[in-house]
Amino acid sequence: MAGVMHGLGHSVVFRRGEVIYQTPGFFSKLMFVRRGLVVKALTDALHEDPLLVSIAGPGTLCGSFESLYLADRMPRQHWCMTTTEVLVVNAELLLRICDQNAVWQKELYSYSAACALSDRCGLLVNHSADLETRLGVFFLLCASQLDKAFAEGLKVPTVEWLGLAVPPSRKVAATLLGASPESVRDVLRDWRESDIIRFRSHKLLLKRSRFLQYWERASNVLGSQLTFNETSEH
């Protein structure tokens, strides 16, 4: 399926913070993320904060994907958390191609179902863990999406520190985790004073032994022994 996306799409690069998709609107772009991170928010006109927020990393879809099979009228907004390169794909043409191949059709439909499940799992983690754990899991997921070698380093007992090259801002972390920027700042301050994180040349260093505990906590909440390799493939 990735090969199909590369064959159909044309590359566009967006800046950090740039809104790349919004509904309702006149243009419904389907996009395949090649590099970077995209925040996907389900919004509500009556509330300032999003109802639901998730992240699309490399190898995933964003844009009009939510309404690819079943259109709804929920307002959505997607914006770039980092500098992001996407492949803009013609959704109608993609569906026609998948109709000719049962394997591709099943893969695309299964991917849609997996994204819906991931959103629910995100809500479960946010409601079942404290802010420190949620922030730790968030940093791990960001790092593993931006650097595939990060996941391997997490498994090596002799590794003491792991680097997060593009740390998310406090505001982004607070929005995704349902907390205030001040609360996120307090957790970061406590981690720094306890030597759990270090700041070095615009990079955030994470103590492997501590952050491994956060990932294990998230796996227990979700009721499965997930690995980073499995996470990065979905």
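Quick note: the coordinates plus some simple rules give every number you see, no bench work behind them. Computed from a prediction, not measured in an experiment: that's the story for all the values here. Virtual Cβ from ideal backbone geometry, glycine too; neighbours counted across all protein chains shown.
What is the gain in length, in nm to one decimal, between Q105 and H10 on full extension, counting 0.36 nm per residue of separation less the C-alpha to C-alpha distance?
Values: separation 95, 0.36 × 95 = 34.20 nm, distance 2.16 nm.
Stretched fully, the Q105-H10 segment lengthens by 32.0 nm.
Once label points are set 7 Å from the Cα along Cα→Cβ at both T158 and K171, what is their separation, rounded to one decimal in nm?
4.4
Note down the nm distance, to one decimal, between modelled labels 7 Å out along Cα→Cβ at T83 and at S28.
Label at T83, label at S28, 3.3 nm between them.
How do M5, M74, M81 line up, fewest other C-beta atoms within 10 Å first?
Lowest to highest Cβ neighbour count: M74, M5, M81.
Using 0.36 nm times the number of residues separating A149 and D130, minus their current alpha carbon distance, what extension gain do you get? Before the final figure, lay out the partial values.
On the way: separation 19, 0.36 × 19 = 6.84 nm, distance 2.76 nm.
Gain on extension, A149 to D130, equals 4.1 nm.
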